[in-house]
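Enquirer: One structure is given below, represented as structure tokens, and several questions about it will come after.
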Amino acid sequence: MTEVEDIMSDIEIEELGNSMKGALTKNLLLDIVYDSAFEFCLIPRIHEHIRVIDRYSYEPIIVSIGPYHDGSPALSFMEREKWNCLDYLLKLNCEKGLKDYLTIVNGLEKRARMCYSGDVKMNKRKLLQTLLLGGCFVLVSLVGLNELISGDQSGLSSSPHTRILEEDLSSGLHNVTARNEGEQMNMRTQNAMKGTVVEQQSVNSKHSGVENLVLEIELCSETSGHQTGQCLYQDNAQLIGQWYDVFVTHDLLLLENQIPFFIVEGIYEVLTSNKMVPTTTCKSSVAQYMEKYVSFYPTAIRESNRPKDFDHLLHLCHMYFRHSSNQDEHDDLSTRHYIHQFLQLGRDYLSNLGLSRNVHLGLSHDGHFPNRWRRATQYHEAGIEFSRRTQSERNPHSLLDIKLRGGVLEIPFLFVDEESIVRFRNFIALEQTSPQVGNDVTAYIIFMAKLMSMPDDVALLARKGVIAHHMRTDKEVSQLFTRLTKGVVFDFYGNYYLNPLCIALEAYYQNRLHRWVAWLRHNHLSNPWLVVAALAGVIVLFCTIAQTVLTVESYVNPK
């Protein structure tokens, strides 16, 4: 090919330019213009190279909430459950119809769409339906509505689903397998929504746009489609059985399976618009549910300081795992004092031995030890002991509050199972994609992963009561935490809450005196009889020296 053939003609360049202008215009139309009037909430997609590490940790099992997994064949049998939740809310407050709920969600749709990644292909009608059904499911599953049930119940008696929910709401989640009238409930759901649509159309004909949305979401064909899949739904429900609660909790706390909480609040406001219910009841009830879930972990949040501002359910759960802010100032001061004390002790001691030059070769440019973490057995060999930090009502702590006090590393108790690994993965994904939430959990996981790099590290922490697990082997636990850090971006020299602890641990580890004393204690003084024998030997040696001194003195200075 000649050089002349490589050069495009002016016509070809103009055609290419016009094509690119069209593509650019189309791309700009797809861009989201963020409104500065509210804080941006991000519900991103998990990158595929992260997802392949463990799909179970990022993809729902039985129910989809939001647009990402909507329409998945594996989750289709739970779609009717979301329609049942909508039916329950419609009958719970008969003064409000389907149009009222659609109107409030329609006003929030643009804001909600901005919370998701740009690959949401749903049109406005489909997204409204998805948000409404998902919000109803979250509301019925997590928020206690007993105070509403105690009011006007005239519209509830005809719904078997309502009677079931009244019995089971006290436990937070209802059981799918308890429903014996599936066909009747499905037909009543369909008829109730149809009746609501017709009534609202006749009364509010001037709002034709919203009426069309109601007609579109009512979709007789979709509702009948739920009937055709009814046998599959019942079979799956029976297979789930008692696992339902566990699976729903798993799905509701996945990053990709979230809806902005202002959608749930909007639905709740319509539901309680004619009832004397505080507006804070919704978030308070959800926080109470979350406290039951995180009760297996130490938390510093109590009823008086419950989170009141969160973007979605995973964000709320993440707040309960943050390190305690009420201890930051005290711990920072004590840690700085401890760092200064041991740095000075180590430098003085090593200077006397002529080894200070070797240590300074390992220091960073600012004179501090490098920011690195070591295995639990390495710290143990350097004289650091491990202890399970006890929870105190007077001064509570969270799972992330790790403290070093007088050579003892106090770590809050951690129970390791598959669900805790799933939760940590989603916390890390939240922090990696939303820097505004901080990086506390990421720092904690990286620290614990390094601390438990090998099976003997896990065994050591288990003996000290710091961790417990139901895995088959200690090696499996160490591998799980190692895989948690795969693909994680973390700045070890950045601003994170464990930075002072990292420097203090490395200063303690680098101190030769601590390591020699620890070696002596672990290898020669671990047996109490050896301690007694050594003490006896010291006493005998002291007596021998004293006797020798007295003998020499009597010989030199005879009386």
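Enquirer: What is the number of the single condition among (1) buried (at least 20 other Cβ atoms within 10 Å of the Cβ); (2) out of contact with any strand residue (DSSP E or B) (no Cβ under 6 Å at 6 or more places or on another chain); (3) under 22 Å from Glu506 (Cα atoms) that Leu461 does not meet?
Expert: Result: Leu461 fails condition (2) only.
Enquirer: Tell me, yes or no, whether the stretch 92-104 has at least one residue that is outside the structural domain of Thr433 (by TED's automatic domain parsing), surrounded by fewer than 17 Cβ atoms within 10 Å (Cβ to Cβ) and in a loop (DSSP other than H, G, I, E, B).
Expert: Within the stretch 92-104, one or more residues are outside the structural domain of Thr433 (by TED's automatic domain parsing), surrounded by fewer than 17 Cβ atoms within 10 Å (Cβ to Cβ) and in a loop (DSSP other than H, G, I, E, B).
Enquirer: Arg375 is checked against (1) more than 16 Å from Leu501 (Cα to Cα); (2) modelled with pLDDT of 85 or more and fails just one. What number does that condition carry?
Expert: (1)
Enquirer: Additional query: I want to confirm something. Restricting to the stretch 108-132 and keeping residues that are small (Gly, Ala, Ser) and in contact with a helix residue (DSSP H, G or I) (Cβ under 8 Å, 6 or more places away or on another chain), which single residue is farthest from Val63 (Cα to Cα)?
Expert: Only one residue tops the list, namely Gly118.
Enquirer: Moving on. Is it the case that Arg80 is of a type in the set (Lys, Arg), loosely packed, with under 15 Cβ neighbours inside 10 Å and in the same structural domain as Ser117 (by TED's automatic domain parsing)?
Expert: It is false that Arg80 is of a type in the set (Lys, Arg), loosely packed, with under 15 Cβ neighbours inside 10 Å and in the same structural domain as Ser117 (by TED's automatic domain parsing).
Enquirer: Could I ask something else about it? Out of everything in the stretch 309-331 that is modelled with pLDDT of 85 or more and in a loop (DSSP other than H, G, I, E, B), what residue ends up being surrounded by the fewest Cβ atoms within 10 Å (Cβ to Cβ)?
Expert: Only one residue tops the list, namely Asp309.
Enquirer: For Ile62, are the conditions met, namely being part of a loop (DSSP other than H, G, I, E, B) and in contact (Cβ under 8 Å) with a residue 40 or more places away in the chain?
Expert: For Ile62, the condition - part of a loop (DSSP other than H, G, I, E, B) and in contact (Cβ under 8 Å) with a residue 40 or more places away in the chain - is met.
Enquirer: Another question about this same structure. Where residues in the stretch 106-132 are crowded, with 23+ Cβ neighbours inside 10 Å and closer than 24 Å to Ser284 by Cα, which of them is modelled with the lowest pLDDT?
Expert: If we take residues in the stretch 106-132 being crowded, with 23+ Cβ neighbours inside 10 Å and closer than 24 Å to Ser284 by Cα, then Ala112 is modelled with the lowest pLDDT.
Enquirer: Take Ser387 and decide whether it is outside any strand (DSSP E or B), at negative phi and not assigned by TED's automatic domain parsing to the domain that holds Arg55.
Expert: For Ser387, the condition - outside any strand (DSSP E or B), at negative phi and not assigned by TED's automatic domain parsing to the domain that holds Arg55 - is not met.
Enquirer: Condition test on Leu131, is it in contact with a Leu (Cβ under 9 Å, 6 or more places away or on another chain), within 14 Å of Tyr68 (Cα to Cα) and not assigned by TED's automatic domain parsing to the domain that holds Thr433?
Expert: yes
Enquirer: When the stretch 397-412 is examined, which residues are found to be assigned to a loop (DSSP other than H, G, I, E, B) and of a type outside the set (Val, Ile, Thr)?
Expert: Of everything in the stretch 397-412, those that are assigned to a loop (DSSP other than H, G, I, E, B) and of a type outside the set (Val, Ile, Thr) turn out to be His397, Ser398, Leu399, Leu400, Asp401, Gly406, Gly407.
The values are calculated or read from the model by the stated rules, or taken from the named source; none is laboratory data. All of these numbers come straight from a predicted model, not from anything done at the bench. Here the Cβ is made from the backbone with ideal geometry for all residues, glycine too, and neighbour counts use every protein chain on show.
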